[in-house]
Amino acid sequence: MPALGADFGIILAYLVPGFLALWAMTHGIPQLHTLFRTAGAGDKRALALFSVSVLALALGMFLSILRAGTIDKSFDSPVLGCDSESRPHCAPVKRVDPDFLKLACKGLRESFLLAEARDKRPYQFYGNMALALVVVAFFVPHRMVTEFPKRRGRVLLIALVAWLAMMLAFYSAARLSHFRFMESVTAINATKCELEK
C-alpha cells in the first residue's frame with residue numbers, strides 16, 4: 001500500500017489564497033478578528049491556530065470552486081489587444097481532459113504528474129489568489145480609509161493601483177500556466193503507447 005503524503009502544491013494552491021481572503025475578512029467580521037488575535041497569543045493558541053488553518057483551507061477550496069466557474073471560463077475567450085501569434089496563450093485556450101487510460105502507459109503517468117505539479121498547481125494558485133484579492137478589495141478599503149483619514153485619497157489611489165497590478169499579474173500567470181498545462185495534456189493524449197501488463 002502506498003504511503004499517504006501531503007501534496008505541497010495542493011496545500012499551497014488552497015491554503016495561501018484562503019489565508020489571504022480570511023485575513024481580509026477579519027477587517028469586517030469581528031469574530032474572525034478575535035480568532036486571529038487568539039491564534040497569535042493567548043491560552044488557546046493551538047486551537048485557534050488550527051481553526052484558522054482549517055478555515056483558510058476551506059475558504060481556499062471555495063475560492064477554487066469560484067475560480068473554476070469564473071476565471072477558467074474566461075480562458076475560452078481571447079485576450080483583447082494581445083498578439084496570439086507571438087503569445088499563443090492569448091488565444092482561446094480549449095480545455096483538454098486527460099485520457100486516463102493512457103496514463104497506464106509507461107512514463108505517461110509520470111509525465112502527467114510532472115505537468116500537474118509544474119503547471120496545474122501554479123495556475124490554481126494564481127487564479128485563487130486573484131479571487132482572494134477580490135475579497136481583499138471588498139473588506140480592506142473601509143479599514144484603510146478609517147486608519148488614514150487625512151490621506152484617504154492618496155492611500156486609496158495607491159491601493160487601487162497596487163491591487164490592479166496584482167490582479168493583472170495573477171490573472172496573466174494563471175492563464176499562461178493553464179495554457180501550458182493544456183498543451184502538456186494534449187501532448188500526453190496524442191502519445192502512442194502500449195498499456196503495461
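A few remarks follow.
- Test: residue in region 56-64 that is farther than 25 Å from residue 189 by Cα, part of a loop (DSSP other than H, G, I, E, B) and out of contact with any Pro (no Cβ under 6 Å at 6 or more places or on another chain): no
- Unique match (being touching a His at 6+ places or on another chain (Cβ under 7 Å) and in contact (Cβ under 8 Å) with a residue 24 or more places away in the chain) among 140, 96, 135: 140
- Residues of region 71-95 satisfying the condition of being under 21 Å from residue 125 (Cα atoms), touching a helix residue (DSSP H, G or I) at 6+ places or on another chain (Cβ under 6 Å) and of a type outside the set (Phe, Trp, Tyr): 71, 79, 89, 93
- Only one of the numbered conditions (1) among the β-branched types (Val, Ile, Thr); (2) within 19 Å of residue 93 (Cβ to Cβ); (3) under 17 Å from the mean Cα position of the chain (by Cα) is not met by residue 136, and that is (2).
- Scanning region 104-120 for residues that are free of Cβ contacts under 8 Å to residues at least 60 places away in the same chain and surrounded by 15 or more Cβ atoms within 10 Å (Cβ to Cβ) turns up just one, 109.
- Region 145-174, residues that are in contact (Cβ under 8 Å) with a residue 60 or more places away in the chain and touching a Phe, Trp or Tyr at 6+ places or on another chain (Cβ under 6 Å): 174
- Failed condition for residue 29, given (1) modelled with pLDDT under 90; (2) farther than 18 Å from residue 167 by Cβ; (3) out of contact with any helix residue (DSSP H, G or I) (no Cβ under 9 Å at 6 or more places or on another chain); (4) not acidic (Asp, Glu): (3)
- Every condition in (1) free of Cβ contacts under 8 Å to residues at least 60 places away in the same chain; (2) within 22 Å of residue 184 (Cβ to Cβ); (3) hydroxyl-bearing (Ser, Thr, Tyr) holds for residue 38 except the one numbered (2).
The values are calculated or read from the model by the stated rules, or taken from the named source; none is laboratory data. Model, not experiment: these values are computed from the prediction. So basically every Cβ, Gly included, is an ideal-geometry build from the backbone, and we count neighbours across all protein chains shown.
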